[in-house]
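The values are calculated or read from the model by the stated rules, or taken from the named source; none is laboratory data. As the structure is a prediction and not an experimental result, all values here were calculated from the model. With ideal geometry, Cβ positions are generated from the backbone for all residues, glycine too; neighbour counts draw on all protein chains shown.
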Amino acid sequence: MIHPSYVEMIEHINEGQDQEEAPLVTSRYSVVLATAKRARQLIDGAEPKVDPTYPNGKEKKPLSIAVDELYSGKVKILPREEGEEND
């Protein structure tokens with residue numbers, strides 16, 4: 001079982017938004033893209049914004065760190081501006 005689940009991630013990311021606004025994240029695809037992009041940044045040398053080790057001292061993999069960062073709110077998904085291209 002993966003923790004947090006996609007449903008938990010989506011709810012947590014959309015938690016602080018106004019009721020009038022459209023949800024920032026509406027699909028698993030958005031979560032997967034955001035975590036993959038952040039994991040690539042970590043692989044390329046970006047500093048982790050959360051503890052990169054498990055309680056037993058074992059080093060976390062970049063994707064696990066990216067999920068932790070996104071879930072803890074240390075990394076945010078920004079809404080795409082109209083006309084903006086993919087990176």
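Identify all residues within the stretch 53-64 that are part of a loop (DSSP other than H, G, I, E, B) and either among the aromatic types (Phe, Trp, Tyr) or under 17 Å from Lys37 (Cα atoms) (or both); write none if there are none.
From the stretch 53-64, those part of a loop (DSSP other than H, G, I, E, B) are 54-58, 60-61; that's our starting set.
Listed by number, the residues that qualify are Tyr54, Lys60, Lys61.
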query: If you check Asp87 against the conditions, is it at pLDDT below 95 and either assigned to a loop (DSSP other than H, G, I, E, B) or in contact with an Asp or Glu (Cβ under 7 Å, 6 or more places away or on another chain) (or both)?
result: yes
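Which of the following residues is modelled with pLDDT of 90 or more and part of a helix (DSSP H, G or I): Val67, Val7, Val50, Val32? I'd like the intermediate steps shown before the answer.
Details: Val7 fails: modelled with pLDDT of 90 or more; Val50 fails: part of a helix (DSSP H, G or I); Val32 fails: modelled with pLDDT of 90 or more.
Result: Val67 is the single residue among Val67, Val7, Val50, Val32 that is modelled with pLDDT of 90 or more and part of a helix (DSSP H, G or I).
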